[in-house]
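In what follows, a structure is listed as C-alpha coordinates, so that the remarks can point back to it.
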Amino acid sequence: MPRERVSIKGTRQGLRILLDPEGEFEEVLQELEERLNSGNGFFTGASVDIYTGGRELRPEHWAALAELVGKRFGLRIGVIDQRRQPPEELPYGPVRNQGGEEAALADRVEPTLLVKRTLRSGQSVRFKGNVVIVGDVNPGAEVVATGDVIVIGVLRGMVHAGAAGNRAAVVTAFRLAPTQLRIADVITRAPDNASLPSVPEVARIKDGCVVIEEYVS
Amino acid sequence: MGRVIVITSGKGGVGKTTSVANLGTGLAMLGRRVVMVDADIGLRNLDVVLGLENRIVYDLVDVAEGNCRMRQALIKDKRYDHLFLLPAAQTKDKSAVTPEQMRQICRELAEEFDYVLVDSPAGIEQGFRNAIAGAQEAIIVTTPEVAAVRDADRIIGLLDSFGLRQPKLVLNRIRPDMVRKGDMMDIEDVVEILAIPILGVIPDDEAIIISTNRGEPAVLDQSCRAGLAYRNIVRRLEGEEVPLMNLQEAQGLLALVKRLVGMGGR
(Lines give C-alpha, C1' and ligand atoms only; values in the text may rest on other atoms or scores of the structure.)
Protein backbone atom coordinates (compact mmCIF):
# COMPACT_ATOMS: atom_id res chain seq x y z
CA MET A 1 0.00 0.00 0.00
CA PRO A 2 1.40 3.38 -0.91
CA ARG A 3 2.05 5.67 2.02
CA GLU A 4 -0.40 8.40 2.84
CA ARG A 5 0.45 11.69 1.23
CA VAL A 6 -2.09 13.70 3.17
CA SER A 7 -3.00 13.69 6.83
CA ILE A 8 -5.94 15.61 8.22
CA LYS A 9 -6.15 16.16 11.96
CA GLY A 10 -8.48 18.03 14.21
CA THR A 11 -6.77 20.33 16.72
CA ARG A 12 -7.90 22.85 19.26
CA GLN A 13 -7.35 25.55 16.65
CA GLY A 14 -9.33 23.76 13.92
CA LEU A 15 -8.16 21.40 11.23
CA ARG A 16 -4.54 20.75 10.44
CA ILE A 17 -3.57 19.34 7.06
CA LEU A 18 -0.09 17.90 6.63
CA LEU A 19 1.10 17.33 3.09
CA ASP A 20 3.82 14.92 2.06
CA PRO A 21 6.91 16.96 1.11
CA GLU A 22 7.99 14.18 -1.32
CA GLY A 23 6.61 13.34 -4.76
CA GLU A 24 4.71 15.33 -7.32
CA PHE A 25 2.66 18.11 -5.84
CA GLU A 26 -0.16 17.38 -8.28
CA GLU A 27 -0.48 13.88 -6.86
CA VAL A 28 -0.50 15.17 -3.31
CA LEU A 29 -3.16 17.65 -4.30
CA GLN A 30 -5.19 14.90 -5.91
CA GLU A 31 -5.11 12.81 -2.78
CA LEU A 32 -6.07 15.85 -0.73
CA GLU A 33 -9.07 16.31 -3.03
CA GLU A 34 -10.12 12.68 -2.53
CA ARG A 35 -9.77 12.96 1.22
CA LEU A 36 -11.78 16.15 1.39
CA ASN A 37 -14.37 14.61 -0.96
CA SER A 38 -14.78 11.62 1.31
CA GLY A 39 -15.76 14.03 4.06
CA ASN A 40 -19.04 14.71 2.17
CA GLY A 41 -19.06 18.37 3.04
CA PHE A 42 -18.21 17.63 6.67
CA PHE A 43 -15.22 19.99 6.51
CA THR A 44 -17.05 22.91 4.94
CA GLY A 45 -16.65 26.11 6.91
CA ALA A 46 -13.95 24.71 9.17
CA SER A 47 -10.78 26.71 9.58
CA VAL A 48 -7.66 24.94 8.50
CA ASP A 49 -3.90 25.31 8.69
CA ILE A 50 -1.90 23.67 5.94
CA TYR A 51 1.66 22.46 6.42
CA THR A 52 3.75 21.48 3.43
CA GLY A 53 6.42 19.76 5.49
CA GLY A 54 9.22 21.84 4.04
CA ARG A 55 8.15 21.72 0.39
CA GLU A 56 8.58 25.10 -1.25
CA LEU A 57 5.30 25.97 -2.94
CA ARG A 58 5.49 27.59 -6.34
CA PRO A 59 2.95 30.37 -6.92
CA GLU A 60 0.77 28.12 -9.10
CA HIS A 61 0.81 25.43 -6.39
CA TRP A 62 -0.16 28.01 -3.86
CA ALA A 63 -3.05 29.13 -6.04
CA ALA A 64 -4.16 25.56 -6.78
CA LEU A 65 -4.12 24.72 -3.10
CA ALA A 66 -6.10 27.83 -2.15
CA GLU A 67 -8.55 27.15 -5.00
CA LEU A 68 -9.12 23.54 -3.95
CA VAL A 69 -9.31 23.99 -0.20
CA GLY A 70 -10.77 27.47 0.00
CA LYS A 71 -13.08 27.70 -3.02
CA ARG A 72 -14.15 24.14 -3.85
CA PHE A 73 -14.49 22.80 -0.34
CA GLY A 74 -15.26 26.06 1.40
CA LEU A 75 -12.68 25.78 4.17
CA ARG A 76 -11.26 28.88 5.77
CA ILE A 77 -7.49 28.78 5.36
CA GLY A 78 -5.55 30.11 8.31
CA VAL A 79 -1.88 29.59 7.56
CA ILE A 80 -0.09 27.87 4.74
CA ASP A 81 3.18 27.00 6.39
CA GLN A 82 6.17 25.73 4.44
CA ARG A 83 8.38 24.85 7.37
CA ARG A 84 9.65 21.31 7.77
CA GLN A 85 7.83 20.68 11.03
CA PRO A 86 4.47 22.07 11.99
CA PRO A 87 4.74 23.98 15.27
CA GLU A 88 3.92 21.97 18.39
CA GLU A 89 1.01 24.22 19.08
CA LEU A 90 0.30 27.70 17.83
CA PRO A 91 1.59 30.12 20.44
CA TYR A 92 -1.79 31.74 20.51
CA GLY A 93 -5.07 30.12 19.62
CA PRO A 94 -7.55 32.10 17.61
CA VAL A 95 -10.30 33.99 19.36
CA ARG A 96 -13.47 31.94 19.35
CA ASN A 97 -16.74 33.67 18.80
CA GLN A 98 -20.04 32.23 19.92
CA GLY A 99 -23.66 33.03 19.23
CA GLY A 100 -25.42 33.96 16.01
CA GLU A 101 -25.02 37.69 15.78
CA GLU A 102 -21.55 37.70 17.12
CA ALA A 103 -20.56 35.01 14.66
CA ALA A 104 -22.01 36.99 11.78
CA LEU A 105 -20.01 39.99 12.94
CA ALA A 106 -16.94 37.83 13.27
CA ASP A 107 -17.19 36.95 9.60
CA ARG A 108 -16.70 40.56 8.72
CA VAL A 109 -14.39 41.57 11.56
CA GLU A 110 -11.27 39.47 11.84
CA PRO A 111 -10.11 38.57 15.34
CA THR A 112 -7.18 40.61 16.58
CA LEU A 113 -4.41 39.50 18.87
CA LEU A 114 -2.83 42.00 21.21
CA VAL A 115 0.76 41.17 22.18
CA LYS A 116 2.01 43.40 24.95
CA ARG A 117 5.71 42.63 24.91
CA THR A 118 8.80 42.83 22.77
CA LEU A 119 9.44 39.88 20.47
CA ARG A 120 13.07 38.88 20.66
CA SER A 121 15.21 36.89 18.26
CA GLY A 122 13.81 33.37 17.83
CA GLN A 123 10.33 34.24 19.09
CA SER A 124 7.37 34.18 16.76
CA VAL A 125 3.70 34.99 16.75
CA ARG A 126 1.38 33.31 14.24
CA PHE A 127 -2.26 34.21 14.21
CA LYS A 128 -5.33 33.92 12.07
CA GLY A 129 -6.44 37.52 12.08
CA ASN A 130 -4.78 40.82 12.85
CA VAL A 131 -1.85 41.21 15.21
CA VAL A 132 -1.04 44.30 17.25
CA ILE A 133 2.31 44.33 19.02
CA VAL A 134 2.91 46.83 21.78
CA GLY A 135 6.69 46.61 21.91
CA ASP A 136 9.47 46.01 19.43
CA VAL A 137 9.94 43.16 16.98
CA ASN A 138 13.68 42.53 17.07
CA PRO A 139 15.80 41.06 14.28
CA GLY A 140 15.36 37.29 14.16
CA ALA A 141 11.77 37.44 15.46
CA GLU A 142 8.78 36.88 13.20
CA VAL A 143 5.14 37.82 13.03
CA VAL A 144 2.80 35.96 10.70
CA ALA A 145 -0.84 37.04 10.46
CA THR A 146 -3.60 36.44 7.97
CA GLY A 147 -4.74 40.02 8.47
CA ASP A 148 -2.95 43.29 9.23
CA VAL A 149 0.06 43.72 11.48
CA ILE A 150 0.53 46.80 13.60
CA VAL A 151 3.67 47.35 15.66
CA ILE A 152 3.63 50.08 18.29
CA GLY A 153 7.41 50.06 18.47
CA VAL A 154 10.35 49.36 16.23
CA LEU A 155 9.81 46.58 13.69
CA ARG A 156 13.22 45.13 12.80
CA GLY A 157 12.32 41.46 12.35
CA MET A 158 10.38 39.51 9.73
CA VAL A 159 6.72 40.23 9.22
CA HIS A 160 4.16 38.53 7.01
CA ALA A 161 0.72 40.12 6.75
CA GLY A 162 -2.13 38.60 4.76
CA ALA A 163 -0.35 35.27 5.08
CA ALA A 164 -3.29 33.31 3.65
CA GLY A 165 -3.25 35.35 0.49
CA ASN A 166 -4.98 38.59 1.46
CA ARG A 167 -3.27 41.18 -0.72
CA ALA A 168 -5.20 43.99 0.92
CA ALA A 169 -3.42 43.42 4.24
CA VAL A 170 -1.12 46.17 5.50
CA VAL A 171 1.78 46.46 7.91
CA THR A 172 1.99 49.55 10.06
CA ALA A 173 4.80 50.31 12.47
CA PHE A 174 5.90 53.17 14.64
CA ARG A 175 9.32 52.59 13.06
CA LEU A 176 9.26 50.29 10.06
CA ALA A 177 12.69 48.72 9.49
CA PRO A 178 12.00 45.00 8.93
CA THR A 179 14.61 42.49 7.81
CA GLN A 180 11.99 41.19 5.44
CA LEU A 181 8.41 42.18 4.82
CA ARG A 182 5.84 39.96 3.17
CA ILE A 183 2.29 40.74 2.26
CA ALA A 184 0.31 37.78 0.87
CA ASP A 185 2.63 36.32 -1.78
CA VAL A 186 4.80 39.41 -2.27
CA ILE A 187 8.17 39.37 -0.55
CA THR A 188 10.37 42.42 -0.11
CA ARG A 189 13.41 43.26 1.90
CA ALA A 190 14.89 46.50 3.14
CA PRO A 191 17.55 48.13 0.99
CA ASP A 192 21.00 47.09 2.16
CA ASN A 193 21.96 50.39 3.73
CA ALA A 194 18.60 51.49 5.05
CA SER A 195 18.55 53.75 8.08
CA LEU A 196 15.84 53.81 10.72
CA PRO A 197 12.90 55.93 9.54
CA SER A 198 11.94 58.88 11.67
CA VAL A 199 8.16 58.66 11.26
CA PRO A 200 5.51 55.92 11.47
CA GLU A 201 5.03 54.15 8.15
CA VAL A 202 2.61 51.80 6.40
CA ALA A 203 3.47 49.07 3.90
CA ARG A 204 0.84 47.86 1.44
CA ILE A 205 0.61 46.30 -2.00
CA LYS A 206 0.11 48.67 -4.89
CA ASP A 207 0.21 47.36 -8.46
CA GLY A 208 1.76 44.11 -7.28
CA CYS A 209 4.60 45.77 -5.39
CA VAL A 210 5.02 46.56 -1.72
CA VAL A 211 4.96 50.32 -1.28
CA ILE A 212 5.95 52.06 1.96
CA GLU A 213 4.42 55.39 2.82
CA GLU A 214 4.36 57.70 5.78
CA TYR A 215 1.46 56.85 8.06
CA VAL A 216 -1.33 59.41 8.00
CA SER A 217 -4.42 58.80 10.08
CA MET B 1 21.24 32.19 51.20
CA GLY B 2 23.68 33.54 48.65
CA ARG B 3 22.91 34.87 45.20
CA VAL B 4 23.15 32.42 42.30
CA ILE B 5 24.03 34.34 39.14
CA VAL B 6 24.51 32.78 35.72
CA ILE B 7 26.81 34.53 33.24
CA THR B 8 25.72 33.73 29.70
CA SER B 9 25.78 35.14 26.17
CA GLY B 10 24.57 32.79 23.45
CA LYS B 11 27.52 33.56 21.26
CA GLY B 12 30.93 32.15 22.07
CA GLY B 13 34.08 34.15 22.56
CA VAL B 14 32.50 37.33 23.89
CA GLY B 15 34.11 37.05 27.32
CA LYS B 16 31.86 34.99 29.60
CA THR B 17 34.65 33.05 31.27
CA THR B 18 36.89 36.10 31.61
CA SER B 19 33.97 37.97 33.17
CA VAL B 20 33.26 35.18 35.65
CA ALA B 21 36.92 35.04 36.67
CA ASN B 22 37.12 38.80 37.12
CA LEU B 23 33.78 39.26 38.88
CA GLY B 24 34.46 36.31 41.16
CA THR B 25 37.91 37.61 42.07
CA GLY B 26 36.58 41.17 42.37
CA LEU B 27 33.87 40.09 44.81
CA ALA B 28 36.44 38.13 46.79
CA MET B 29 38.57 41.30 46.97
CA LEU B 30 35.68 42.89 48.83
CA GLY B 31 35.67 40.02 51.29
CA ARG B 32 32.66 38.14 49.90
CA ARG B 33 32.62 34.35 49.98
CA VAL B 34 32.43 33.36 46.33
CA VAL B 35 32.28 30.13 44.35
CA MET B 36 32.58 30.01 40.57
CA VAL B 37 30.97 27.06 38.84
CA ASP B 38 32.24 26.09 35.39
CA ALA B 39 29.20 24.64 33.61
CA ASP B 40 31.01 24.33 30.28
CA ILE B 41 31.48 20.57 30.54
CA GLY B 42 33.89 19.20 27.95
CA LEU B 43 35.39 22.61 27.15
CA ARG B 44 36.51 23.77 30.54
CA ASN B 45 38.39 27.06 30.61
CA LEU B 46 37.65 28.83 33.84
CA ASP B 47 40.33 26.87 35.71
CA VAL B 48 42.91 27.96 33.13
CA VAL B 49 41.93 31.62 33.30
CA LEU B 50 42.24 31.46 37.09
CA GLY B 51 45.53 29.57 36.92
CA LEU B 52 44.10 26.61 38.86
CA GLU B 53 44.22 23.95 36.18
CA ASN B 54 46.84 21.77 37.88
CA ARG B 55 44.85 21.45 41.12
CA ILE B 56 41.78 19.70 39.74
CA VAL B 57 41.05 16.29 41.21
CA TYR B 58 37.26 16.06 41.24
CA ASP B 59 34.81 18.05 39.16
CA LEU B 60 31.17 19.07 38.70
CA VAL B 61 30.18 15.71 37.22
CA ASP B 62 31.77 13.85 40.14
CA VAL B 63 29.70 15.94 42.53
CA ALA B 64 26.53 15.40 40.50
CA GLU B 65 27.09 11.65 40.40
CA GLY B 66 28.00 11.47 44.06
CA ASN B 67 31.58 10.26 43.43
CA CYS B 68 32.86 12.81 45.91
CA ARG B 69 31.68 15.31 48.44
CA MET B 70 31.26 18.94 47.42
CA ARG B 71 34.15 19.98 49.67
CA GLN B 72 36.53 17.66 47.85
CA ALA B 73 35.73 19.11 44.45
CA LEU B 74 36.00 22.78 45.40
CA ILE B 75 39.38 24.28 44.56
CA LYS B 76 40.61 27.16 46.67
CA ASP B 77 41.97 30.17 44.80
CA LYS B 78 45.67 31.01 45.00
CA ARG B 79 45.08 34.52 46.29
CA TYR B 80 41.91 34.49 48.36
CA ASP B 81 40.95 31.74 50.75
CA HIS B 82 37.24 32.54 50.51
CA LEU B 83 37.19 32.20 46.69
CA PHE B 84 36.54 28.77 45.21
CA LEU B 85 36.15 27.07 41.85
CA LEU B 86 33.96 24.09 41.05
CA PRO B 87 35.58 22.95 37.79
CA ALA B 88 33.85 21.32 34.85
CA ALA B 89 34.70 17.84 33.68
CA GLN B 90 36.82 17.80 30.56
CA THR B 91 36.31 14.21 29.43
CA LYS B 92 32.49 14.19 29.58
CA ASP B 93 29.89 16.16 27.66
CA LYS B 94 26.94 18.39 28.45
CA SER B 95 24.55 15.49 28.96
CA ALA B 96 26.61 14.27 31.95
CA VAL B 97 24.51 16.40 34.31
CA THR B 98 20.82 17.27 34.38
CA PRO B 99 19.17 20.60 35.18
CA GLU B 100 17.82 19.03 38.38
CA GLN B 101 21.35 18.08 39.50
CA MET B 102 22.56 21.60 38.73
CA ARG B 103 19.70 23.05 40.77
CA GLN B 104 20.69 20.85 43.68
CA ILE B 105 24.38 21.82 43.42
CA CYS B 106 23.59 25.54 43.23
CA ARG B 107 21.24 25.26 46.22
CA GLU B 108 23.91 23.52 48.24
CA LEU B 109 26.56 26.11 47.33
CA ALA B 110 24.25 29.06 48.00
CA GLU B 111 23.91 27.92 51.60
CA GLU B 112 27.61 28.36 52.16
CA PHE B 113 28.61 31.22 49.85
CA ASP B 114 27.50 34.83 49.32
CA TYR B 115 27.82 34.48 45.56
CA VAL B 116 27.55 31.48 43.25
CA LEU B 117 28.67 32.53 39.76
CA VAL B 118 27.83 30.02 37.03
CA ASP B 119 29.86 30.18 33.82
CA SER B 120 27.52 29.10 31.03
CA PRO B 121 28.68 27.48 27.80
CA ALA B 122 27.88 29.15 24.48
CA GLY B 123 24.77 28.01 22.68
CA ILE B 124 21.18 27.42 23.70
CA GLU B 125 21.20 23.66 24.11
CA GLN B 126 21.43 21.45 27.16
CA GLY B 127 24.63 23.02 28.48
CA PHE B 128 22.90 26.38 28.60
CA ARG B 129 19.80 24.87 30.15
CA ASN B 130 21.92 23.22 32.84
CA ALA B 131 23.78 26.44 33.54
CA ILE B 132 20.65 28.50 34.10
CA ALA B 133 18.75 25.80 36.01
CA GLY B 134 19.91 26.83 39.47
CA ALA B 135 20.22 30.59 38.89
CA GLN B 136 18.02 33.34 40.27
CA GLU B 137 19.74 36.12 38.35
CA ALA B 138 21.45 36.39 34.99
CA ILE B 139 24.18 38.53 33.51
CA ILE B 140 24.36 38.69 29.72
CA VAL B 141 27.76 39.38 28.22
CA THR B 142 27.87 40.75 24.70
CA THR B 143 30.23 42.66 22.45
CA PRO B 144 29.22 45.56 20.21
CA GLU B 145 28.82 43.32 17.16
CA VAL B 146 25.58 42.67 15.35
CA ALA B 147 25.83 38.88 15.63
CA ALA B 148 26.66 38.97 19.35
CA VAL B 149 23.79 41.35 20.06
CA ARG B 150 21.41 39.16 18.04
CA ASP B 151 22.38 36.11 20.10
CA ALA B 152 22.11 38.08 23.33
CA ASP B 153 18.58 39.05 22.32
CA ARG B 154 17.71 35.41 21.73
CA ILE B 155 19.14 34.49 25.12
CA ILE B 156 17.15 37.19 26.89
CA GLY B 157 13.98 35.77 25.33
CA LEU B 158 14.90 32.24 26.39
CA LEU B 159 15.80 33.31 29.93
CA ASP B 160 12.43 35.00 30.16
CA SER B 161 10.69 31.79 29.15
CA PHE B 162 12.59 30.00 31.94
CA GLY B 163 11.47 32.60 34.45
CA LEU B 164 14.71 34.59 34.67
CA ARG B 165 13.41 38.10 34.15
CA GLN B 166 15.36 41.35 33.89
CA PRO B 167 18.86 40.06 33.24
CA LYS B 168 21.64 42.65 33.36
CA LEU B 169 23.97 43.52 30.53
CA VAL B 170 27.74 43.65 30.40
CA LEU B 171 28.99 45.20 27.18
CA ASN B 172 32.46 43.88 26.61
CA ARG B 173 35.34 44.91 24.40
CA ILE B 174 34.13 48.32 23.34
CA ARG B 175 36.56 50.52 21.46
CA PRO B 176 35.86 54.21 22.00
CA ASP B 177 37.96 55.26 19.01
CA MET B 178 35.91 53.05 16.67
CA VAL B 179 32.64 54.17 18.23
CA ARG B 180 33.64 57.79 17.73
CA LYS B 181 34.30 57.17 14.05
CA GLY B 182 30.95 55.43 13.72
CA ASP B 183 32.58 52.09 12.93
CA MET B 184 31.32 50.32 16.04
CA MET B 185 27.95 50.07 17.74
CA ASP B 186 27.53 52.51 20.57
CA ILE B 187 26.34 51.62 24.09
CA GLU B 188 23.02 53.28 23.25
CA ASP B 189 22.63 51.24 20.04
CA VAL B 190 23.01 47.99 21.97
CA VAL B 191 20.78 49.00 24.87
CA GLU B 192 18.11 50.20 22.46
CA ILE B 193 17.78 46.74 20.94
CA LEU B 194 18.20 44.64 24.06
CA ALA B 195 16.25 46.94 26.38
CA ILE B 196 17.71 45.59 29.63
CA PRO B 197 19.58 47.47 32.37
CA ILE B 198 23.29 47.87 31.79
CA LEU B 199 25.58 46.60 34.53
CA GLY B 200 28.83 47.72 33.00
CA VAL B 201 30.96 48.48 29.98
CA ILE B 202 34.41 46.94 29.57
CA PRO B 203 36.83 48.69 27.23
CA ASP B 204 38.82 46.54 24.84
CA ASP B 205 42.14 46.05 26.55
CA GLU B 206 45.20 44.01 25.59
CA ALA B 207 45.94 43.54 29.27
CA ILE B 208 43.00 41.12 29.43
CA ILE B 209 44.66 38.75 26.98
CA ILE B 210 47.90 38.88 28.92
CA SER B 211 46.19 38.37 32.27
CA THR B 212 44.02 35.45 31.10
CA ASN B 213 47.06 33.72 29.62
CA ARG B 214 48.89 34.18 32.88
CA GLY B 215 45.97 32.99 34.94
CA GLU B 216 45.76 36.24 36.89
CA PRO B 217 42.44 38.07 36.51
CA ALA B 218 42.83 41.67 35.31
CA VAL B 219 40.66 42.89 38.15
CA LEU B 220 43.71 42.50 40.45
CA ASP B 221 45.75 44.92 38.34
CA GLN B 222 45.09 48.45 39.58
CA SER B 223 46.51 50.04 36.44
CA CYS B 224 44.36 48.07 34.02
CA ARG B 225 41.31 49.88 32.60
CA ALA B 226 39.34 46.71 31.97
CA GLY B 227 40.16 45.70 35.53
CA LEU B 228 38.75 49.00 36.79
CA ALA B 229 35.59 48.40 34.75
CA TYR B 230 35.20 44.99 36.41
CA ARG B 231 35.76 46.49 39.86
CA ASN B 232 32.99 48.97 39.07
CA ILE B 233 30.65 46.13 38.08
CA VAL B 234 31.45 44.35 41.32
CA ARG B 235 30.47 47.46 43.29
CA ARG B 236 27.22 47.71 41.31
CA LEU B 237 26.47 44.06 42.09
CA GLU B 238 26.92 44.97 45.73
CA GLY B 239 24.24 47.63 45.32
CA GLU B 240 26.48 50.67 45.10
CA GLU B 241 25.67 53.39 42.57
CA VAL B 242 28.70 53.76 40.35
CA PRO B 243 28.46 55.85 37.17
CA LEU B 244 29.51 54.20 33.90
CA MET B 245 33.13 54.79 33.05
CA ASN B 246 33.50 57.73 30.73
CA LEU B 247 35.36 56.06 27.92
CA GLN B 248 35.62 59.17 25.79
CA GLU B 249 37.11 61.31 28.50
CA ALA B 250 39.57 58.67 29.55
CA GLN B 251 40.67 58.32 25.98
CA GLY B 252 41.00 62.09 25.74
CA LEU B 253 43.09 62.18 28.89
CA LEU B 254 45.36 59.46 27.64
CA ALA B 255 45.75 61.26 24.34
CA LEU B 256 46.47 64.45 26.24
CA VAL B 257 49.19 62.78 28.27
CA LYS B 258 50.62 61.29 25.12
CA ARG B 259 50.60 64.68 23.48
CA LEU B 260 52.32 66.25 26.47
CA VAL B 261 55.11 63.74 26.35
CA GLY B 262 55.28 64.05 22.60
CA MET B 263 54.00 60.60 21.69
CA GLY B 264 50.62 61.46 20.23
CA GLY B 265 50.23 61.53 16.49
CA ARG B 266 47.12 63.67 16.41
Original post:
When A:Val137 is evaluated against the numbered criteria (1) more than 14 Å from chain B (Cβ to nearest Cβ); (2) touching a residue at least 40 places away in the same chain (Cβ under 8 Å), which criterion, by number, is the only one it fails?
Top reply: (1)
Original post:
Only one residue in A:Val151, A:Val143, A:Val170 is modelled with pLDDT of 95 or more and surrounded by fewer than 24 Cβ atoms within 10 Å (Cβ to Cβ), so which one is that?
Top reply: A:Val170
Original post:
Residue check: is A:Gly41 assigned to a loop (DSSP other than H, G, I, E, B), over 17 Å from the mean Cα position of the chain (by Cα) and under 18 Å from A:Ala164 (Cα atoms)?
Top reply: no
Original post:
Residues that are closer than 24 Å to B:Ala152 by Cα and touching a Pro at 6+ places or on another chain (Cβ under 8 Å): which strands (runs of 3 or more DSSP E) entirely in the range A:125-211 hold 2 or more of them?
Top reply: A:158-161, A:171-176
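Name the residues in the range B:105-137 that are within 14 Å of another protein chain (Cβ to nearest Cβ) and crowded, with 20+ Cβ neighbours inside 10 Å, would you? Before you say what the answer is, go through the steps one by one.
At the first step, the residues of the range B:105-137 found to be within 14 Å of another protein chain (Cβ to nearest Cβ) are B:123-125, B:128.
Result: B:Phe128, single match.
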**OP:** Within the range A:123-163, track down each residue that is within 11 Å of the chain's Cα centre (by Cα), farther than 16 Å from A:Glu201 by Cα and of a type in the set (Gly, Ala, Ser).
**Re:** A:Gly129, A:Ala145, A:Gly147, A:Gly162, A:Ala163
Original post:
Considering the range B:214-228 alone, what residues qualify as being outside any loop (DSSP other than H, G, I, E, B) and small (Gly, Ala, Ser)?
Top reply: B:Ala218, B:Ala226, B:Gly227
**OP:** Output the qualifying pairs, or none if there are none: Cβ atoms under 8 angstrom, residues six or more apart or on different chains, first residue in the range A:10-31 and within 15 Å of A:Gly53 (Cα to Cα), second residue of a type in the set (Lys, Arg) and surrounded by 13 or more Cβ atoms within 10 Å (Cβ to Cβ).
**Re:** A:Leu19/A:Arg5; A:Leu19/A:Arg55; A:Asp20/A:Arg5; A:Pro21/A:Arg55; A:Gly23/A:Arg5; A:Phe25/A:Arg55; A:Val28/A:Arg5
Original post:
If we keep just the residues of the range B:164-185 that are closer than 23 Å to A:Val137 by Cβ and surrounded by fewer than 16 Cβ atoms within 10 Å (Cβ to Cβ), which is farthest from the other protein chains (Cβ to nearest Cβ)?
Top reply: B:Gln166
Original post:
Within the range B:61-93, how many residues are among the charged types (D, E, K, R) and either surrounded by 21 or more Cβ atoms within 10 Å (Cβ to Cβ) or farther than 18 Å from B:Ile41 by Cα (or both)?
Top reply: 7
Original post:
If you scan the range B:146-163, which residues turn out to be in contact with a strand residue (DSSP E or B) (Cβ under 9 Å, 6 or more places away or on another chain) and more than 8 Å from chain A (Cβ to nearest Cβ)?
Top reply: B:Ala148, B:Val149, B:Ala152, B:Ile155, B:Leu159
Subject >> Some residue of the range B:28-49 being within 19 Å of B:Arg103 (Cβ to Cβ), touching an Asp or Glu at 6+ places or on another chain (Cβ under 8 Å) and part of a helix (DSSP H, G or I) >> reply: no
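Suppose the filter is away from every other protein chain (no Cβ under 14 Å), surrounded by fewer than 21 Cβ atoms within 10 Å (Cβ to Cβ) and either part of a helix (DSSP H, G or I) or of a type in the set (Gly, Ala, Ser) (or both); does B:Arg231 pass it?
No, not satisfied.
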**OP:** Show the residue pairs that are 6+ apart or on different chains and have beta-carbon atoms under 7 Å apart, the first residue being within the range B:201-224 and within 15 Å of B:Gly26 (Cβ to Cβ), the second being of a type in the set (D, E, K, R) and in a strand (DSSP E or B).
**Re:** B:Ile202/B:Arg173
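The values are calculated or read from the model by the stated rules, or taken from the named source; none is laboratory data. Since the model is a prediction, treat every value here as computed from it, not as a measurement. Please note: Cβ atoms are built from the backbone with ideal geometry, for glycine as well, and neighbour counts cover all protein chains shown.
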